[in-house]
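Only one structure is covered here, and it is reproduced in the block below.
The values are calculated or read from the model by the stated rules, or taken from the named source; none is laboratory data. Since the model is a prediction, treat every value here as computed from it, not as a measurement. A quick note on method: Cβ atoms are made from the backbone with ideal geometry, for glycine too, and the neighbour counts reach across all protein chains shown.
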Amino acid sequence: MNSLFTKTIGMLSDLVGARSQRHQVLASNVSNIDTPGYEPKDVDFENLIASMQGKGIRMARTNGKHLPAATPGGNLSVTKTGDKVDMDREMVSIAENHLMHNAAVEMLARKFRALQSAIREGK
């Protein structure tokens, strides 16, 4: 059964979860824009990469033209990013995060469609 659901599906599932968590953090920053003393936060993906490499999962760019590897979700930590919420920066971060979330969902859907197609062909 594990060979049917490859590491890719697990990593994409984690990535969708991480992007959802980041959206919640970014939305919290926007909703607290007028709160005195509020410090904006963001999700720390660097610790996740380090923990993945400790588990034997390696992400490397094998060609300079490749895009940087996406970071799947998991136990993400939230860190403070600055001393004041900047609405423009937050909205750009939300838009970028939304695009990355949708891309991960689309890749996951394609994996499941490929599995569905393989199952149909086997009948």
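Does residue 92 satisfy being over 13 Å from the mean Cα position of the chain (by Cα) and under 20 Å from residue 34 (Cα atoms)? So residue 92 fits the description; yes.
In region 75-123, the residue that is modelled with the lowest pLDDT out of those that are among the acidic types (Asp, Glu) and in a helix (DSSP H, G or I) is 121.
Quick check: is even one residue across region 12-31 more than 19 Å from the chain's Cα centre (by Cα) and modelled with pLDDT of 85 or more? Yes: region 12-31 contains one or more residues that are more than 19 Å from the chain's Cα centre (by Cα) and modelled with pLDDT of 85 or more.
Taking each residue of region 106-123 that is touching a residue at least 60 places away in the same chain (Cβ under 8 Å) and looking for partners that are surrounded by fewer than 11 Cβ atoms within 10 Å (Cβ to Cβ) with beta-carbon atoms closer than 8 Å, six or more apart or interchain, yields 115/4.
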